[in-house]
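Undergrad: The structure is given below, and queries will be raised subsequently.
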């Protein structure tokens, strides 16, 4: 996944901590080898190379993963879309463009639950689980940590996906701050996190010189356009996978759509931060 993994176990036995950390490393590596778009031997690559020509047989884990992706696609009005790769490639090779007529390929995926197989009915269809894999891996890590006797832990996946178990050693909830890109080193908002996860997605990054750059892979699958308003979306959830998927999808949704989804999510907190004229505007759902 090309993402740094930082793990903190508080007041834990050294041998136990080392053993659990190795288990976490192995599981993250396993998930990456299975779900990576870029590794030629991955299961995703196997699907992408063959599913237009024949039905690719899936294992039970892959069937469940793809069913979850379809369910979240429906839940988010199409904003969570695992068939975005051709749009990403289009904007990568056409950096001057801001929109395209290319559309989602979700309708070309034929998932056969009974036969445990997948087919594509369109030759250009490819799946990319980049907005799913990190959250899925962190959910697997959550199970490992919860099954261990360790009572307090904080795990950071690239600083954009955070998992907490128990309380901070101070006895209070873990504090997860959201960076203010205008005032470097300061937090614009903070979550209290205990036995749950926070995931943050944005459509920009700061380059090595500190200049703001838009991400060309943050594309609205509904409109086929790159979002040019500076925005971050952070989601707090008991489920790291849910937090990851929703933070990714909600970059493409307006406030009304976000609020409509939030109605059915009782233990989820959503924070959108938009920057206008050098100031941060915070909207909570």
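The values are calculated or read from the model by the stated rules, or taken from the named source; none is laboratory data. Treat the numbers as computed from the prediction; the structure is a model and nothing was measured. A quick note on method: Cβ atoms are made from the backbone with ideal geometry, for glycine too, and the neighbour counts reach across all protein chains shown.
Undergrad: Does residue 243 satisfy the condition of being surrounded by fewer than 17 Cβ atoms within 10 Å (Cβ to Cβ), at pLDDT 95 or above and in the same structural domain as residue 143 (by TED's automatic domain parsing)?
TA: Criteria not met by residue 243.
Undergrad: Hey, another quick one. Check residue 170 against each of (1) crowded, with 16+ Cβ neighbours inside 10 Å; (2) part of a loop (DSSP other than H, G, I, E, B) and name the one condition it does not meet.
TA: For residue 170, the exception is condition (1).
Undergrad: For region 211-229, state whether one or more residues are farther than 24 Å from residue 98 by Cα and touching a residue at least 12 places away in the same chain (Cβ under 8 Å).
TA: No, every residue in region 211-229 fails to be farther than 24 Å from residue 98 by Cα and touching a residue at least 12 places away in the same chain (Cβ under 8 Å).
Undergrad: Related question: Being assigned to a helix (DSSP H, G or I), touching a strand residue (DSSP E or B) at 6+ places or on another chain (Cβ under 8 Å) and touching a residue at least 60 places away in the same chain (Cβ under 8 Å) is the filter here, so list the residues in region 140-158 that pass it.
TA: 141, 142, 145
Undergrad: I'd like the full set of residues that are farther than 19 Å from residue 246 by Cβ and over 19 Å from the mean Cα position of the chain (by Cα), limited to region 191-212.
TA: Listed by number, the residues that qualify are 194, 206, 207, 208, 209, 210, 211, 212.
Undergrad: Under 6 Å between Cβ atoms, at least 6 apart or on separate chains: pull out the pairs that start in region 50-64 with a residue that is closer than 12 Å to residue 110 by Cα and end on any residue that is at pLDDT 95 or above and assigned to a helix (DSSP H, G or I).
TA: Matching pairs, first to second residue: 56/47; 56/50.
Undergrad: Yes or no: region 99-108 includes at least one residue that is modelled with pLDDT under 95 and touching a strand residue (DSSP E or B) at 6+ places or on another chain (Cβ under 7 Å).
TA: yes
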